[in-house]
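Structure record follows, encoded as structure tokens.
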Amino acid sequence: MAPLDGLRVLDLTMWRPGPYTTQLLAQLGADVIKVEPPGGEPMRMFQGHFDLLNRRKRSIVLDLKSDAGRERCLELAADAEVFVEGFRPGVADRLGVGDAVLRARNPRLVYCSISGYGADGPLAQVPGHDVNYRAYTATLPPDAVSPSLEELPVADMSAATMAAFAITAACLKARATGEGDRIDLGMADVLAHWTSTVPEALRPQPATAPPVTPPPADPVPHVTGPVPGYGVYATKDGLKITLGVVSEERLWAATCRALGLDEAAGVPFAERLGRVAELDAEVAAAIARLTRDEAMERLSAAGAPVAPLLTGAEMLDLDHFRARGVLDAGPVRTAAHPPLPGGRVAGLDEHRGESWRHLTD
């Protein structure tokens, strides 16, 4: 028998972080039912990636925008121990499958939400992908270039692993007490907490003032990412931003319009894949004419998936991670049984002769 035999997991996630989370649970024996929208999860168009992240699961198609599909999802959730979703904050509630609805029917349910920046905080509604989360959390080096298809998506995979850990811990508590929980896991939170564990003296420090220098006469060529609009881009003040457009038509259009590339805004994803170098060069050239602040302002206002490439010190000073309590209590946020804040460090052999603590409640 596997360690999680008998654990029932209802999986409404897509792309990489959520599916890897539930695959980790499935490989330990959990019974995972994957709920896909009509036509299937979009990741199925990348069959090689999809197959690697969805083994040992069962699949059903439900249209959550229909009464019948939503009701069937609620029926399955009533008999599950775990529910995992990866929608933008607020979408699950609008679909009628939010935490409050499901846990009212099934109080023992462990409900896990995985999102880019978490369910609340100043960045909660900002769209993004792996390269953006790494930029905001100082886990890209200052000389970073656009990632290739082969590069490991660190934010996606670390968050998925953390989510599997948090789900398992919450299930242990739920089985002991009969009370489930809501886990709010931001992908950026995990990397921000990792960065916060590096001693301050070793973190890259920001310059006392942003360098405002013209680009060199013979600048280093932009390294094209896997698709147009995904990667690291230099600004005219010597700093960098990241864009996280993958296949989403609305994010590509928002990026193009913010940069004055209106003619490219309507190019569909299939065509973009055949014009990667050309279209990405246009994006890079448009960004190179802006300072980092100008690029961030334009792209953010348009709803593009943009993030500045920060140093460790800049990340620690960011109000988003402070608001979410990530740096002190860690990246796992739960509603019913919150993690403990950072505590004191024991002296060597301080607790000699002591035994296990006894719970008082």
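The values are calculated or read from the model by the stated rules, or taken from the named source; none is laboratory data. Model, not experiment: these values are computed from the prediction. Neighbour counts are summed over all protein chains in view; Cβ atoms, including those assigned to glycine, are modelled from backbone coordinates with ideal geometry. These accessible areas exclude ligands, DNA and RNA; they are computed on the full protein's heavy atoms, side chains included. Shrake-Rupley method; radii C 1.70, N 1.55, O 1.52, S 1.80 Å.
Some observations on this one:
- The protection proxy used here, the mean number of other Cβ atoms lying within 10 Å of each residue, ranks peptides 256-267, 130-141 as follows, highest first: 130-141, 256-267.
- For the stretch 330-342, backbone phi angles converted through the Karplus equation (6.51, -1.76, 1.60; θ = phi - 60°) give residue-by-residue couplings of x, x, 8, 10, 10, 8, 7, 10, x, x, 7, x, x Hz, Gly and Pro being listed as x.
- Convex hull (Cα only) mean projected area of the stretch 125-182, reported in nm² to one decimal: 5.5
- Computed over the chain with a Gaussian network model linking Cα atoms closer than 10 Å, the most mobile of Arg94, Arg108, Arg182 is Arg94.
- The phi-based Karplus calculation (6.51 cos²θ - 1.76 cosθ + 1.60; θ = phi - 60°) puts the 3J(HN,Hα) values of the stretch 95-108 at 7, x, 10, x, 4, 4, 5, 6, 7, 5, 7, 9, x, 7 Hz, whole numbers, x for Gly and Pro.
- Distant alpha-carbon pairs in the stretch 39-198 (separation over 21 angstrom), percent: 54
- The chain - convex hull of alpha carbons, volume per residue in Å³: 164
- Rounded accessible area of Leu62 (nearest 10 Å², 1.4 Å probe): 20
- Cα-based Rg and Dmax for the stretch 47-125, where Dmax is the largest Cα-Cα distance (Å): 13.8, 38
- Working value for the stretch 241-296: equivalent-ellipsoid semi-axes of 19, 11, 10 Å, each the square root of 5 times a Cα gyration tensor eigenvalue, largest first.
- For Val245, the amide hydrogen comes within under 5 Å of the amide hydrogens of Tyr230, Gly231, counting only partners 5 or more places away or on other chains and with H modelled in the peptide plane.
- With distances taken between every two different alpha-carbon atoms, the stretch 1-61 has a Kirkwood hydrodynamic radius of 11.5 Å.
- Working value for the stretch 242-347: equivalent-ellipsoid semi-axes of 38, 16, 12 Å, each the square root of 5 times a Cα gyration tensor eigenvalue, largest first.
- Where the chain is the region considered: accessible area per residue in Å², 1.4 Å probe: 50
- The stretch 104-149, Cα convex hull volume normalised per residue, Å³: 133
- Scanning the chain for long hydrophobic helices, with DSSP H runs required to stretch 30 angstrom or more by C-alpha along their axis and to average at least 1.0 on the Kyte-Doolittle scale, returns 154-177.
- For the listed peptides 158-166, 30-38, a ranking on the average number of other beta carbons within 10 Å per residue, highest first, reads 158-166, 30-38.
- Span per principal axis, largest first, for the Cα atoms of the stretch 289-361 (Å): 66, 31, 14
- Extension gain, Ala270 back to Ala288 (0.36 nm per residue minus Cα-Cα distance, nm): 3.9 nm
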